[in-house]
Amino acid sequence: ILPKEALGQRYFSMNYPSASEGANYIAIMVTEPQTKVFIRRNGADLVTNGVTLNPGDVYQYLSLQDLTGTEVVIDSLGASCKSFAVFTGSSNSVINTPQCVGNSLDPLYQQAYPIESWGTTFGFIPLTGGNSSSAGNYVRVVAAEDGTEVRINRVSVGTINSGGFYETPEPLTEAGLISTSKPVTVAQYTITQNCSNLGTGDPDMV
């Protein structure tokens, strides 16, 4: 849990497609009275006139669509000096591979980092367990600025715009370097138990 001093005014959601029983979500909490924020997708407000919250309130936006890249930003006119916290994920996701279709589900839940703490260089280490060989992890990269180039092990894999994201076509199984031309946020996803080669474990987002 990030302390108040580490909170910011602009975030981008990190999620994953939900199974039929679940939904994507964005949860918002504030630290000061009458804090107004906007939830935007591709420049359009998802909640008319934004959301105004007080300390102790929790606002949760739910969607059957993948919310990855959705922007959550402070009202610059009425709350320009206020900050807030954002949590994102999915209430129930299955994460398969192109070679395997599993059926174990789990919720995904992480606190989002404000763009002030984003970076351009990330070391990737696939999660594993015991002596088992992992099927690897998917990686998603979300951009805050247009024209953000994404490189994996110094090889360009694509360019994304603000609110856009790059996802590896297959899980990465080897440690490597993720680098970008502009600041981004990055998440890695564990595979459903049936396909992970680990014996136990369920989908997760880190």
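Scan region 176-196 for residues that are closer than 14 Å to ASN103 by Cα and either open to solvent by 50 Å² or more (accessible area, probe 1.4 Å) or assigned to a helix (DSSP H, G or I) (or both) and the total you get is 3. In region 96-109, which residue that is out of contact with any Asp or Glu (no Cβ under 8 Å at 6 or more places or on another chain) and surrounded by fewer than 15 Cβ atoms within 10 Å (Cβ to Cβ) is nearest to ALA85 (Cα to Cα)? Only one residue tops the list, namely TYR109.
For (1) within 18 Å of ASN194 (Cβ to Cβ); (2) among the hydrophobic types (A, V, I, L, M, F, W, C); (3) out of contact with any Pro (no Cβ under 7 Å at 6 or more places or on another chain), each residue gets a yes or a no:
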| position | (1), (2), (3) |
| --- | --- |
| LYS36 | no, no, yes |
| THR52 | no, no, yes |
| SER91 | no, no, no |
| CYS100 | yes, yes, yes |
| PRO107 | yes, no, yes |
| GLN111 | no, no, yes |
| PHE124 | no, yes, yes |
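SER162 passes every criterion in (1) part of a strand (DSSP E or B); (2) of a type in the set (S, T, N, Q); (3) open to solvent by 30 Å² or more (accessible area, probe 1.4 Å) apart from (1).
Just the residues that are of a type in the set (Gly, Ala, Ser) and open to solvent by 70 Å² or more (accessible area, probe 1.4 Å), please, taken from region 44-75. GLY56, the sole residue that qualifies.
Considered as a group, the residues in region 9-36 that are part of a strand (DSSP E or B) and closer than 30 Å to ILE191 by Cβ include one that is nearest to the chain's Cα centre (by Cα), and that residue is PHE12.
The values are calculated or read from the model by the stated rules, or taken from the named source; none is laboratory data. Nothing here was measured: the structure is a model prediction, and the numbers come from that model. Neighbour counts run over all protein chains shown; Cβ positions are idealised from the backbone, glycine included. What goes into the accessible areas is simple: the full protein's heavy atoms, side chains included, and nothing from ligands, DNA or RNA. Shrake-Rupley method; radii C 1.70, N 1.55, O 1.52, S 1.80 Å.
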